[in-house]
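The values are calculated or read from the model by the stated rules, or taken from the named source; none is laboratory data. Because the structure is predicted, anything quoted here is derived from the model rather than measured. In this analysis, Cβ positions are derived from the backbone assuming ideal geometry, glycine residues included, and neighbour counts consider all displayed protein chains.
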């Protein structure tokens with residue numbers, strides 16, 4: 001069972017599949033892309049199908065979907081919200097637990113500040129996971145960061161409760 005991070009987007013949806021143990025172990029990461037030339041319903045259906053395939057290949061214990069708090073561009077906010085909804089439905093269909101965190105929460109865990117830039121997030125993911133290359137595009141680093149943030153919170157929770165899991 002895996003921890004899967006999803007950075008929702010309609011053109012590019014970042015994903016990362018992390019092993020629950022050993023900590024900081026990436027099984028795979030990348031982006032699911034849909035063509036802007038297709039209608040919105042076809043793009044959402046394609047995203048749903050690809051996420052379902054991902055969850056079948058790597059059965060998740062937990063799916064972590066970025067919670068969008070604010071977008072200055074209404075069109076972008078709408079498409080990200082739609083992609084997020086599709087990710088939530090696909091995750092629920094897989095019977096995984098589903099959690100959401102804001103990008104600021106993830107940035108705080110990774111970089112020590114909620115106002116870190118995308119480049120800083122990419123660099124910290126590269127360092128934390130001892131990667132040979134910077135994760136590209138930034139959606140990949142964001143997805144890794146989401147799953148990592150959840151792992152950190154889970155480990156802290158277990159430590160405070162005195163349990164091991």
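What about residue 153, is it in a helix (DSSP H, G or I), within 21 Å of residue 4 (Cα to Cα) and at pLDDT below 95? Considered against the rule, which asks whether it is in a helix (DSSP H, G or I), within 21 Å of residue 4 (Cα to Cα) and at pLDDT below 95, residue 153 comes out as yes.
In segment 152-165, the condition of being within 15 Å of residue 29 (Cβ to Cβ) and touching a strand residue (DSSP E or B) at 6+ places or on another chain (Cβ under 9 Å) is met by no residue. The residues of segment 25-45 that are surrounded by 17 or more Cβ atoms within 10 Å (Cβ to Cβ), without any contact (Cβ under 8 Å) to a residue 40 or more places away in the chain and under 28 Å from residue 130 (Cβ atoms), listed by number, are 32, 33. Just one residue in the set 76, 134, 109, 113 is touching a residue at least 40 places away in the same chain (Cβ under 8 Å) and either assigned to a helix (DSSP H, G or I) or farther than 13 Å from residue 8 by Cα (or both); that residue is 109. Within segment 42-73, if we keep just the residues that are modelled with pLDDT under 95 and within 12 Å of residue 9 (Cβ to Cβ), the residue that is nearest to the chain's Cα centre (by Cα) turns out to be 68.
Residues that are touching a helix residue (DSSP H, G or I) at 6+ places or on another chain (Cβ under 8 Å), over 17 Å from residue 76 (Cα atoms) and either at pLDDT below 95 or part of a loop (DSSP other than H, G, I, E, B) (or both) within segment 1-41 comprise 20, 23, 24, listed in sequence order. Among the residues of segment 46-80, those identified as farther than 26 Å from residue 27 by Cβ and either out of contact with any strand residue (DSSP E or B) (no Cβ under 8 Å at 6 or more places or on another chain) or surrounded by 17 or more Cβ atoms within 10 Å (Cβ to Cβ) (or both) are 70, 71, 72, 73, 74, 75, 76, 77, 78, 79. Scanning segment 1-24 for residues that are free of Cβ contacts under 8 Å to residues at least 24 places away in the same chain and either within 13 Å of residue 138 (Cα to Cα) or in contact with a strand residue (DSSP E or B) (Cβ under 7 Å, 6 or more places away or on another chain) (or both) yields one hit, 19.
Only one of the numbered conditions (1) farther than 16 Å from residue 153 by Cβ; (2) touching a residue at least 12 places away in the same chain (Cβ under 8 Å); (3) in contact with a helix residue (DSSP H, G or I) (Cβ under 7 Å, 6 or more places away or on another chain) is violated by residue 81, and that is (3). Listed conditions (1) in contact with a strand residue (DSSP E or B) (Cβ under 8 Å, 6 or more places away or on another chain); (2) surrounded by 21 or more Cβ atoms within 10 Å (Cβ to Cβ); (3) farther than 25 Å from residue 34 by Cβ are all met by residue 83, apart from (3).
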